[in-house]
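One structure is given here, and the rest of the page talks about it.
The values are calculated or read from the model by the stated rules, or taken from the named source; none is laboratory data. Predicted model only: the values in this text are computed from it and were never measured. Methodologically, a virtual Cβ is constructed for each residue, glycine included, from the backbone with ideal geometry; neighbour enumeration extends over all protein chains shown.
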Amino acid sequence: MSSFVFSRRLLSFVFVYDRIFVHHYLNYQMLIVLVLILSQIGSLVCSLSWYLIMSHEFVLDNFLSIHPYLDHFLHHKWQEVAEAISSMAVRGAPAIGIAAAWGVVLAARSGDDLPTAIRGLRESRPTAVNLGWALNRMQAAMGAAAPVDVEALVGVAAALQQEDRLLTQRLVDHGVSLLAQGCRVLHHCHTGAIATGGVGTALGVIAAAHARGLLCHAWLDETRPRLQGAALSAWELGCLGVPCTVIVDGASGLLMRRGEVDAVMVGCDRVAANGDVANKIGTYNLALVARAHGIPFYVCAPGSSIDRATVDGDAITIEERDAEEITHAKGVGVAAPGAQAWNPAFDITPAHLVTGFITEFGVLRPPYREVLSALPLPNQL
């Protein structure tokens, strides 16, 4: 498929996406920048729900009419990729890693200082381990020789993306095997195809369960303050015809108390060596409530998100974002003037609250330290 055709189809997705959402936290212009960058070098940052585009035939009929507005995006730098990651235009641990890898390619093609580019990309978001391992892979491919072999870097970035596509499909297959006929699954944040290089992780399991006639209903935490569940997850499942309902984050306990949830499935940004999990803020609360009601709590964790070099959750850096994400909505103040806000983007769920890890290797059960240490992980350089 030509770069132009790919750009056209992916831009179709982005613009339809923006029209459907009443959600403007996503800087879709930055996403378009990234798409155009990568289409020009013959690859894509992540599949960005490619199967959704093909299945639902999103078409942007007036692509040529908007093309003049995109001319100023034709010269791109790795800094724009870093900004896309930092501003959450690119979201999801796997997608962040893939985007960063292509950012290194951009730096190499522009003749920029690669150590500086890698350092800048690495600092764009600190919690997701995928960012680090992807950059480590790119750094290893650079070698000591000069000049840098740009095509070799392209090959590594493309390989990272292809690996994610394949492993997410295996992960999803293992996850579906845990769900019974008529199941009702609760999900937090967003873990779909847009967040990975393939079909997604936890949300991919939910979509696959529906496709196989197993799912009765999906409950989606809205996921304050960025509302990834209300916007991204609900949109993606809606495109696939999956029955789902958005709830405020605090409603999960009542749902479980009423017997409306059979399983909780979430993704992760990092899994420590002992099985502690860093994921979107609110995950820990959800795990506690699930445990109180005897409901299985599963974490979908591709091998690229497992960090055996981090001993436990206390050693994971928790990103703290701008307080205005809480005090304002679409630029309008919603908190009392002068109110202080604390905005950690992630929390740590202790390993003992995790019923099982759904990975491309299968479903992992305790003891997690021993089980995780035995995995043949691709990110352990």
Being among the hydroxyl-bearing types (Ser, Thr, Tyr) and assigned to a helix (DSSP H, G or I): is that true of Thr168 here?
yes
For Arg184, only one of the following conditions fails: (1) among the basic types (Lys, Arg); (2) within 25 Å of Trp235 (Cα to Cα); (3) assigned to a helix (DSSP H, G or I). What is its number?
(3)
Within segment 159-177, restricting attention to residues that are surrounded by fewer than 18 Cβ atoms within 10 Å (Cβ to Cβ) and in contact (Cβ under 8 Å) with a residue 24 or more places away in the chain, which residue is farthest from Arg308 (Cα to Cα)?
Ser177
Do you know which residues across segment 313-351 are closer than 23 Å to Arg291 by Cβ and either of a type in the set (S, T, N, Q) or free of Cβ contacts under 8 Å to residues at least 60 places away in the same chain (or both)?
Gly313, Asp314, Thr349
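Take Gly103 and decide whether it is modelled with pLDDT of 90 or more and within 25 Å of Ala278 (Cα to Cα). Please lay out each step first, then the result.
On the way: modelled with pLDDT of 90 or more: yes; within 25 Å of Ala278 (Cα to Cα): yes.
Yes: the conditions hold for Gly103.
Being in a strand (DSSP E or B) and of a type outside the set (A, V, I, L, M, F, W, C) is the filter here; which residues of segment 329-366 pass it?
Gly333, Pro344, Asp347, Thr349, Gly356, Thr359, Gly362
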When you go through Val154, Val199 one by one, which is the residue that is within 15 Å of Ile358 (Cα to Cα), surrounded by 19 or more Cβ atoms within 10 Å (Cβ to Cβ) and either touching a residue at least 60 places away in the same chain (Cβ under 8 Å) or not small (Gly, Ala, Ser) (or both)?
Val199
Can you name the number of the only condition in (1) within 15 Å of Ser305 (Cβ to Cβ); (2) part of a loop (DSSP other than H, G, I, E, B) that Leu131 fails?
(2)
Can you pull out every residue in segment 242-257 that is more than 23 Å from Ala208 (Cα to Cα), under 22 Å from the mean Cα position of the chain (by Cα) and loosely packed, with under 15 Cβ neighbours inside 10 Å?
Val248
Quick one: which residue in Arg308, Arg369 is closer than 17 Å to Pro126 by Cα, outside any strand (DSSP E or B) and among the basic types (Lys, Arg)?
Arg308
Which of the following residues is among the charged types (D, E, K, R), under 20 Å from the mean Cα position of the chain (by Cα) and surrounded by fewer than 15 Cβ atoms within 10 Å (Cβ to Cβ): Glu320, Glu360, Glu324?
Glu320
Given the conditions (1) farther than 16 Å from Cys183 by Cα; (2) touching a Gly at 6+ places or on another chain (Cβ under 7 Å), every one holds for Ala202 apart from (1)
Search result, residues across segment 92-124 that are outside any helix (DSSP H, G or I) and surrounded by fewer than 24 Cβ atoms within 10 Å (Cβ to Cβ):
Gly111, Asp112, Asp113, Glu123, Ser124
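Here's the yes/no breakdown for (1) closer than 26 Å to Asn343 by Cα; (2) in contact (Cβ under 8 Å) with a residue 12 or more places away in the chain; (3) β-branched (Val, Ile, Thr):
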site: Ala195; (1), (2), (3): yes, yes, no
site: Leu215; (1), (2), (3): no, yes, no
site: Ala218; (1), (2), (3): no, yes, no
site: Thr223; (1), (2), (3): yes, yes, yes
site: Leu227; (1), (2), (3): yes, yes, no
site: Gly238; (1), (2), (3): no, no, no
site: Ile295; (1), (2), (3): no, yes, yes
site: Val299; (1), (2), (3): yes, yes, yes
